[in-house]
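Q: A single structure is presented below for examination.
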Amino acid sequence: MGVSTISWLGLGHVSGSLKRIDAFAGLKTRPEKPSSAINYLLVGSDTREGLTKAELKILRVGSVATAAGKRSDTMILVHISKARDKAMIISIPRDSLVTVPEHIDSQGKTIAEVRAKLNASFNWGGAPLLIRTIENAANLRIDHYVEINFAGFAHMVDALGGIEVCTKRDIDDPKSHLVLAAGIHTLNGIDALKYVRTRDFDGMGDLGRMQRQQQFMSSVLRKATSSGVLLNPIRLVNFFNAAMATVQTDSALDGNDLITLAKQMRNLSASQVRTLTVPLSNTNYSVPGIGSTVQWDPILAPELWQRLINDVEIVDKISASPSPSSSAKPKTTIIDKFKTRTADENPCGALK
């Protein structure tokens, strides 16, 4: 206990300052917020800024000049319960078919609302338009926005001392340049970036990639909450400094907020974190002029969002009464209609 306290006191030496963006600019009519649960929207940007020439060469992703600008590579909603004792990590497919609201483009021209892929909203209007689009589609209020680029992701993984992943099959993806044999591997920042970006080796595209990203985030959570990190003041401070130096957040969020949240959640176990993908009804819905999209399930997706809005369990537990002649205790049945995983589950099972 004493060592743990010293380690967390060490967060007072965090020196980084966050980069801010006005993520909620122009947002007027927004969903109501009935509880003190927190919803973070995490966006992975493919900007190359911050990567060294050596890292760019290893990744083979082009330079800042040849791949100018940024696009949304990953979109994840993190819901943290009002008691700070549970969390949900929900992957939102970037190819989700949504209605992008009316907005003003970079040339000052008003663009009418239009059906498009979700990542188009980020390309057209950055964080504010992306947030408006998701809030309109889910009727769920987003409290904070965090954007992380390639360099930030890689540096945070390295600050944690690498992250362990487990793959059931060999990976040889010529586009991400990732080569891994089936089994358990501890990846450094650059190889971890290849791992969460790979999508062309198993025929599952973005959906397969989201599954690997969820498993990776579970591994990050297990590592970040392990005694090897929590009881190591230097590693903990290095992680926070790496994060603050390379992420962008909404203007209302500051480093002290993140440290406070981390302290509130330090007893959160991996078993209390669930990962899932927005329920889908069609994973290959072709739309003229847009291409292949994915559709949210018209029944399950709204139910998921409503449960988050009300901050209630997303996995049902129903107790069935024993028969009158039996003295057995009622049996609890687990109903997981959203197909979640807990962050402490090992995707490789027997390989562990």
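Q: Can you name the residue in the range 136-145 that is within 15 Å of the chain's Cα centre (by Cα) and surrounded by fewer than 22 Cβ atoms within 10 Å (Cβ to Cβ) and, of all such residues, is nearest to VAL247 (Cα to Cα)? Write out each step before concluding.
A: Residues of the range 136-145 that are within 15 Å of the chain's Cα centre (by Cα), as a first pass: 142-145.
Going one step further and asking which of them are surrounded by fewer than 22 Cβ atoms within 10 Å (Cβ to Cβ), we end up with 143-144.
Numbers: ASP143: 17, HIS144: 13 Å.
Only one residue tops the list, namely HIS144.
Q: Identify all residues within the range 153-171 that are at positive phi and touching a residue at least 40 places away in the same chain (Cβ under 8 Å); write none if there are none. Give the steps one after another, and end with the answer.
A: The initial filter retains those residues of the range 153-171 that are at positive phi, namely 161-162.
GLY161 - this is the single residue of the range 153-171 that is at positive phi and touching a residue at least 40 places away in the same chain (Cβ under 8 Å).
Q: Okay, moving on. Being surrounded by fewer than 22 Cβ atoms within 10 Å (Cβ to Cβ) and without any contact (Cβ under 8 Å) to a residue 24 or more places away in the chain is the requirement here; does VAL179 meet it? Lay out the reasoning, then the answer.
A: Working: surrounded by fewer than 22 Cβ atoms within 10 Å (Cβ to Cβ): yes; without any contact (Cβ under 8 Å) to a residue 24 or more places away in the chain: yes.
Yes.
Q: Taking the range 88-105, which residues are within 29 Å of ARG274 (Cα to Cα), without any contact (Cβ under 8 Å) to a residue 60 or more places away in the chain and touching a helix residue (DSSP H, G or I) at 6+ places or on another chain (Cβ under 6 Å)?
A: Restricting attention to the range 88-105, the residues satisfying the condition of being within 29 Å of ARG274 (Cα to Cα) are 88-100.
With the extra rule that they be without any contact (Cβ under 8 Å) to a residue 60 or more places away in the chain, the set shrinks to 98-100.
Passing the criteria: VAL98, VAL100.
Q: Output the residues belonging to the range 278-292 that are of a type in the set (A, V, I, L, M) and either more than 24 Å from LEU77 (Cβ to Cβ) or in contact with a Lys or Arg (Cβ under 9 Å, 6 or more places away or on another chain) (or both). Give the derivation first.
A: First, the residues of the range 278-292 that are of a type in the set (A, V, I, L, M): 278, 280, 287, 290.
Those that are of a type in the set (A, V, I, L, M) and either more than 24 Å from LEU77 (Cβ to Cβ) or in contact with a Lys or Arg (Cβ under 9 Å, 6 or more places away or on another chain) (or both): VAL287, ILE290.
Q: So in the range 106-135, with the set limited to residues that are free of Cβ contacts under 8 Å to residues at least 60 places away in the same chain and part of a strand (DSSP E or B), which one is surrounded by the fewest Cβ atoms within 10 Å (Cβ to Cβ)? Walk me through it before giving the result.
A: Let us first name the residues in the range 106-135 that are free of Cβ contacts under 8 Å to residues at least 60 places away in the same chain, namely 106-114, 118-121, 123-125, 129, 133.
Filter again for part of a strand (DSSP E or B), leaving 110-111, 114.
Details: THR110: 8, ILE111: 15, VAL114: 16.
Taking the candidates together, the pick is THR110.
Q: Being over 17 Å from ASN149 (Cβ atoms) and polar (S, T, N, Q) is the filter; apply it to the range 189-214 and report the residue that is farthest from the chain's Cα centre (by Cα).
A: The qualifying residue farthest from the chain's Cα centre (by Cα) is THR198.
Q: Of (1) under 30 Å from PRO302 (Cβ atoms); (2) β-branched (Val, Ile, Thr); (3) modelled with pLDDT under 90, THR167 satisfies all except one. Which?
A: Tallying (1) under 30 Å from PRO302 (Cβ atoms); (2) β-branched (Val, Ile, Thr); (3) modelled with pLDDT under 90, THR167 fails exactly one: (1).
Q: Okay, moving on. For the range 250-272, does any single residue satisfy the condition of being among the acidic types (Asp, Glu), at pLDDT 90 or above and over 24 Å from GLN211 (Cα atoms)?
A: So the first thing to find is which residues in the range 250-272 are among the acidic types (Asp, Glu), and the list is 250, 254, 257.
Subsequent filtering for residues that are at pLDDT 90 or above retains 250.
Subset that is over 24 Å from GLN211 (Cα atoms): 250.
Yes; the residues of the range 250-272 include at least one that is among the acidic types (Asp, Glu), at pLDDT 90 or above and over 24 Å from GLN211 (Cα atoms).
Q: Could I ask something else about it? Here is a list of conditions, (1) farther than 27 Å from LEU41 by Cα; (2) hydrophobic (A, V, I, L, M, F, W, C); (3) modelled with pLDDT of 90 or more, and ILE142 meets all of them except one; can you say which number that is?
A: (1)
Q: Okay, next question. In the range 329-344, which residues are of a type in the set (Gly, Ala, Ser) and either modelled with pLDDT of 95 or more or not in a loop (DSSP other than H, G, I, E, B) (or both)? Spell out the reasoning first.
A: In the first step, residues of the range 329-344 are kept if they are of a type in the set (Gly, Ala, Ser); the result is 343.
Matches in the range 329-344: none.
The values are calculated or read from the model by the stated rules, or taken from the named source; none is laboratory data. Please read all numbers here as calculations on a predicted model, not as lab measurements. Heads up, the Cβs are rebuilt from the backbone with ideal geometry, glycines too, and the neighbour counts pull from every protein chain shown.
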